[in-house]
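One structure below.
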Amino acid sequence: MPLEEAAPAGTITTKLSAALGWARKYSIFQYPFVTACCGMEFMSVAASHYDIDRFGAGLPRFSPRQADVLMVVGTTSHKIAPVLRRIYDQMAAPKWVVAFGVCTSTGGFYNDYATVQGIDTILPVDVYIPGCPPRPEMVIQGLMLLQDKIQRQAGGPRR
Ligand code: SF4
């Protein structure tokens, strides 16, 4: 019996999606948008000791057009918020956003007129990494959560 008849409908598509997801989740080109002290911990995660190259995420891109993960690191002020939004808009789909640290996720203890109270008020966030700053292990866990999400989304609707 020919393979096309033996296999249930959609088998090839499903396998292709899984392969695509696998390739995508290990090809993370991140754009680091670093504004504040969380950046020090970000650099520590990116250095050799924690080796995020294991996750295919070791190579940053400083052009939004070449990046697929926007890593927002540090406090976001209302003054810089339009720049952040513009960078997000310049990234090609599929794209994902990580909120690195409590300031980025919620405004943290900067509950004032100048600070964005969570970047999800200006763009969609896929993974939140809490902490002030987050420990590298938490960042790696966040990265793995993002990889799961990328794998699950492969072949599905893009936003
Ligand atoms: S979460 Fe803490 S370490 Fe990170 S930017 Fe805010 S104050 Fe700085």
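The values are calculated or read from the model by the stated rules, or taken from the named source; none is laboratory data. Please read these numbers as outputs of a predicted model, since none were measured by experiment. So basically every Cβ, Gly included, is an ideal-geometry build from the backbone, and we count neighbours across all protein chains shown.
Based on what the data block shows, is S77 within 16 Å of the ligand (Cβ to nearest atom) and within 15 Å of G142 (Cβ to Cβ)?
Numbers: within 16 Å of the ligand (Cβ to nearest atom): yes; within 15 Å of G142 (Cβ to Cβ): no.
For S77, the condition - within 16 Å of the ligand (Cβ to nearest atom) and within 15 Å of G142 (Cβ to Cβ) - is not met.
Determine which member of the set P94, P134 is more than 15 Å from P32 (Cα to Cα), under 17 Å from the mean Cα position of the chain (by Cα), in a loop (DSSP other than H, G, I, E, B) and more than 16 Å from the ligand (Cβ to nearest atom).
P94
Return the pair list, or none, for Cβ contacts closer than 6 Å from residues in segment 103-118 that are without any contact (Cβ under 8 Å) to a residue 24 or more places away in the chain to residues that are hydrophobic (A, V, I, L, M, F, W, C), at least 6 apart or on different chains.
Short answer, once both residue conditions are applied: none.
From (1) part of a loop (DSSP other than H, G, I, E, B); (2) within 13 Å of the ligand (Cβ to nearest atom); (3) crowded, with 18+ Cβ neighbours inside 10 Å, pick out the condition that doesn't hold for S105.
Against the list (1) part of a loop (DSSP other than H, G, I, E, B); (2) within 13 Å of the ligand (Cβ to nearest atom); (3) crowded, with 18+ Cβ neighbours inside 10 Å, S105 comes up short only on (1).
Does segment 1-42 hold any residues that are modelled with pLDDT of 90 or more and of a type in the set (A, V, I, L, M, F, W, C), and which are they?
I28, F29, F33, V34, A36, C37, C38, M40, F42
Is it the case, given these coordinates, that L143 is within 24 Å of A46 (Cβ to Cβ), more than 16 Å from the ligand (Cβ to nearest atom) and surrounded by 13 or more Cβ atoms within 10 Å (Cβ to Cβ)? First the steps, then the outcome.
Values: within 24 Å of A46 (Cβ to Cβ): yes; more than 16 Å from the ligand (Cβ to nearest atom): yes; surrounded by 13 or more Cβ atoms within 10 Å (Cβ to Cβ): yes.
Yes, satisfied.
Across segment 117-128, what is the number of residues that are of a type outside the set (F, W, Y), closer than 19 Å to Q151 by Cα and in contact with a helix residue (DSSP H, G or I) (Cβ under 8 Å, 6 or more places away or on another chain)?
Residues that pass the stated criteria total 3.
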